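Reviewing the structure listed below.
The values are calculated or read from the model by the stated rules, or taken from the named source; none is laboratory data. Computed from a predicted structure; not experimentally measured. In this analysis, Cβ positions are derived from the backbone assuming ideal geometry, glycine residues included, and neighbour counts consider all displayed protein chains.
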Amino acid sequence: MKFKAFKIEKLFNQYDYLLDFTKNENIAIITGPNGYGKSTILRIMYYLFSSNLYPFFDILFSSCEYTFQNDNGTTTSLIIEKVLQVENGEGQSDLLSDEHTVLRISLNSESQKIHIEISKTAIESAIVSAGYSSDKNGNWWKKDSGEYVTSHEILIQHPEIIEKQFIDANDLLMFIGGLNAMFISDQRLFYTTFEIGHGFKNTMHFNKAQVLYDADWMRKNISNLKKKFSESFNAALLEAFTSSPQKTILSSNLKERLEKLNKNISTLINYGIAEQNHRIVTSINKQSESLLAGILSSCEEVVEKALIEINSHIKFVSLINKSGFPDKIMSIDSSNGFSFLSSKGTYISPEMLSSGEQHRIILIFKLLFRIKPGMLVLIDEPELSFHVIWQTSFISELKQILGNKNILTIIATHSPQIIDGKWSLTTDLYELTKKTRS
């Protein structure tokens with residue numbers, strides 16, 4: 001199922017937009033002046049795809065429609081309308097977000113039509129029942145710990161809150177639950193965490209560098225892959241030594257295979273997966289041929305599988321090191337995840353890089369390691385802190401990273417350098433507004 005189009009009416013009580021995503025290359029670019037809703041549109045898409053309906057109450061719009069094309073060519077539409085409940089039980093369209101507003105959600109396809117209404121107070125009551133309170137500014141915190149959290153974090157931790165709103169519409173809930181998106185916002189250099197401050201009893205709010213979080217994820221990932229490889233490699237060696245001798249093959253062929261195996265192991269060593277003692281060091285003679293043939297047969301598959309598993313890691317290092325970060329180079333290992341060495345051999349922690357370098361690392365990291373099959377990718381202002389060369393290469397690098405994954409990526413940007421002449425991929429909100437008003 002493909003996300004085909006998005007329509008929104010009375011965004012900010014002003015704008016009507018219809019966005020078509022059936023253009024080529026699985027890349028859609030939204031442009032337009034500030035204030036026309038580029039970022040808001042991305043967020044509205046993300047909220048539905050992440051099953052987070054709560055923010056819809058605070059966005060000024062009358063209705064939005066998501067159109068999907070099914071594998072058999074038919075279409076399915078999901079419509080969210082804001083309706084103001086009145087005393088006689090009837091509803092009327094309204095743009096306000098108050099305690100009387102409900103979301104009317106409708107799913108329409110050739111095989112079924114479902115609709116349900118969800119109120120803001122019902123969601124908030126379920127959040128309170130899950131152990132949270134809110135202040136007069138609408139901020140939420142855990143009652144037992146005093147830790148402040150966003151509504152999005154609450155709904156991720158407690159999916160049952162939204163599930164309760166769909167008691168009579170399970171098919172609609174399953175449809176929304178089957179959607180998946182990754183949103184790379186313009187505020188991406190830091191992530192929020194709540195910890196016990198030094199000398200304090202209560203939790204405090206901290207902003208930490210996103211690159212450190214990503215580097216720690218990489219450290220854990222490399223450590224897990226390293227352990228998995230070591231166990232598989234040792235098991236393969238044991239199998240070779242305990243199994244029946246293999247039929248002797250040509251020594252020249254054994255030599256080529258041994259050289260290739262050790263070359264691949266060296267690659268794994270460079271990415272922190274293997275150790276030097278994993279290299280097979282032996283002389284090839286009549287006495288060793290049979291044993292070596294068994295070792296190669298057992299270990300080649302293990303090494304090839306490990307190389308496939310670190311394909312994204314290799315791309316990551318390659319793209320970063322080709323970026324032209326001045327006088328520094330990236331490396332990956334199980335101790336630091338990823339880190340940098342200066343041209344003089346000095347260790348550089350990722351959070352000490354420039355904002356532009358950090359933005360680039362974060363973007364490429366998310367695109368390589370956070371994307372799942374069938375996911376919608378939303379990127380807000382990828383050009384932030386980017387040199388013009390990085391901007392003009394962004395779309396081509398995006399295609400290189402995504403490859404043949406058939407993933408729709410929607411980008412909101414102000415930068416003509418990001419577009420880099422690919423105007424057929426763009427939709428300008430200002431131009432749509434002019435057409436609507438004419």
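Summary of values
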{"read-out": "In the stretch 321-336, the residues that are assigned to a strand (DSSP E or B) and either of a type in the set (A, V, I, L, M) or more than 16 Å from residue 357 (Cβ to Cβ) (or both)", "value": "329, 330, 332, 333"}
{"read-out": "Every residue from the stretch 384-438 that is surrounded by fewer than 17 Cβ atoms within 10 Å (Cβ to Cβ), without any contact (Cβ under 8 Å) to a residue 40 or more places away in the chain, outside any helix (DSSP H, G or I) and polar (S, T, N, Q)", "value": "385, 404, 438"}
{"read-out": "Filtered residues of the stretch 135-152 (kept if in a loop (DSSP other than H, G, I, E, B) and surrounded by 11 or more Cβ atoms within 10 Å (Cβ to Cβ))", "value": "139, 143, 145, 146, 147, 150"}
{"read-out": "Residue identified as surrounded by fewer than 18 Cβ atoms within 10 Å (Cβ to Cβ) and in a helix (DSSP H, G or I) among 318, 298", "value": "318"}
{"read-out": "Only listed residue being modelled with pLDDT under 90 and surrounded by 14 or more Cβ atoms within 10 Å (Cβ to Cβ), chosen from 85, 92", "value": "85"}
{"read-out": "Of all residues making up the stretch 271-289, the number that are in a helix (DSSP H, G or I) and surrounded by 16 or more Cβ atoms within 10 Å (Cβ to Cβ)", "value": "2"}
{"read-out": "Residues being free of Cβ contacts under 8 Å to residues at least 60 places away in the same chain, within 19 Å of residue 153 (Cα to Cα) and among the hydrophobic types (A, V, I, L, M, F, W, C) - total across the stretch 102-126", "value": "2"}
